[in-house]
Amino acid sequence: MDRYPSQLEASGPEFSRLVERIPLQSRPPLSPEWLRCEMLERHQVLRVAGISPGTSALEVGSGSHAIATVPLAFELGPEGRLIAVERSRWSEFQPVVTASGLSDRVRPVRGDARRLPFSDSAMDLALCIHGIRSLGSDEEVVTVIREMFRVAPRVVLAESLPLAESDAQAAHLAMYDLREPVFASTTGRADDRHYRPLAQLAELVERAGGHVERHRTVRVDLPHALAYFPRALAESVPDPEERRDLLRRWDAAAARIERCGADHPPVGLVEGRR
């Protein structure tokens, strides 16, 4: 986390004060600053997306720690309105949003992104920030994006790309790419799917009926430890041959992270209109 202080300062005095209100997290082997660091990354991406203050926005897939919710609420400003939709992961959401001081800007809603509980054109903007990978097939992704376009005329997607421009980014990808097969084998549920290339993200927006106005690659100089998962989970894979292969790859990826660290890969940003 040696870059954390400089990146915190670069985020600006107001946002840096907000980030420092977020409680440190005890989640070994991750650094206690991991959540703050992830919020800095979301903030950098959202600044590139150009979120206008006062906008009414829908966030799809806010997740358990409100990682993008807090910087998004900050960018929307005191006159903005943010509805955060999540199907099931709420464990730390309210404590984090409350600690940020922005809870009056955020309305959490439990719902399924495939059938959003809002009327047509209810919002100005719909976003999914690092949430596409938690969806299943491309068809499911298209269904969700189509729903986002139904609710808002403008859609913004951001997702990590399968690109490694440094040894530390390659180390992150080596561990991250184990999550999908391990989770599928142990839970029967597709989650943390492999990152999609930028062109494929743009194609999914077009398949959902949107017009891609802009797509670009955003580079952030920050660590990214969230690929990590305990070796014990790979040890619980039922099939012996698959288990041996995944454990071998887990050990190699862990050694790579120990040697190189783990950095955030480039992020694909796609902006579309219906």
Quiz item: Out of all the residues in the range 89-100, is one or more more than 25 Å from S160 (Cα to Cα), without any contact (Cβ under 8 Å) to a residue 24 or more places away in the chain and surrounded by fewer than 16 Cβ atoms within 10 Å (Cβ to Cβ)?
Solution: yes
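Here are R249, R214: which of them is in a helix (DSSP H, G or I), in contact with an Asp or Glu (Cβ under 9 Å, 6 or more places away or on another chain), surrounded by fewer than 19 Cβ atoms within 10 Å (Cβ to Cβ) and touching a residue at least 40 places away in the same chain (Cβ under 8 Å)? Please lay out each step first, then the result.
Details: R214 fails: in a helix (DSSP H, G or I).
Exactly one residue qualifies, and that residue is R249.
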Practice problem: Quickly run through the range 60-99 and pick out the residues that are assigned to a loop (DSSP other than H, G, I, E, B), more than 15 Å from the chain's Cα centre (by Cα) and of a type in the set (S, T, Y). | Solution: S88, S91
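Table: residues versus (1) in contact with a strand residue (DSSP E or B) (Cβ under 9 Å, 6 or more places away or on another chain); (2) under 29 Å from E20 (Cβ atoms).
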{"residue": "G101", "(1), (2)": "no, yes"}
{"residue": "D112", "(1), (2)": "yes, no"}
{"residue": "R133", "(1), (2)": "yes, yes"}
{"residue": "V156", "(1), (2)": "yes, yes"}
Exercise. Please go through the range 1-33 and pick out each residue that is at pLDDT 95 or above and part of a helix (DSSP H, G or I).
Key: P13, E14, F15, S16, R17, L18, V19, E20, R21
Practice problem: List the helices (runs of 4 or more DSSP H) that sit entirely inside the range 127-198 and contain at least 1 residues that are over 23 Å from R42 (Cα atoms) and more than 18 Å from the chain's Cα centre (by Cα). | Solution: 138-151, 179-187
Quiz item: So which residues in the range 34-59 are in a loop (DSSP other than H, G, I, E, B) and crowded, with 16+ Cβ neighbours inside 10 Å, if there are any at all?
Solution: I51, T55
Practice problem: Output the residues belonging to the range 24-43 that are in contact with a Lys or Arg (Cβ under 9 Å, 6 or more places away or on another chain) and touching a residue at least 40 places away in the same chain (Cβ under 8 Å). | Solution: W34, L35, C37
Practice problem: Kindly provide the set of residues from the range 127-167 that are within 12 Å of L58 (Cβ to Cβ) and surrounded by fewer than 19 Cβ atoms within 10 Å (Cβ to Cβ), ordered by number. | Solution: R150, P153
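Yes or no: R207 basic (K, R), more than 20 Å from V45 (Cβ to Cβ) and surrounded by 13 or more Cβ atoms within 10 Å (Cβ to Cβ)?
Numbers: basic (K, R): yes; more than 20 Å from V45 (Cβ to Cβ): yes; surrounded by 13 or more Cβ atoms within 10 Å (Cβ to Cβ): yes.
Considered against the rule, which asks whether it is basic (K, R), more than 20 Å from V45 (Cβ to Cβ) and surrounded by 13 or more Cβ atoms within 10 Å (Cβ to Cβ), R207 comes out as yes.
The values are calculated or read from the model by the stated rules, or taken from the named source; none is laboratory data. In this text the structure is predicted, and so the values were computed from the model without any measurement. In this analysis, Cβ positions are derived from the backbone assuming ideal geometry, glycine residues included, and neighbour counts consider all displayed protein chains.
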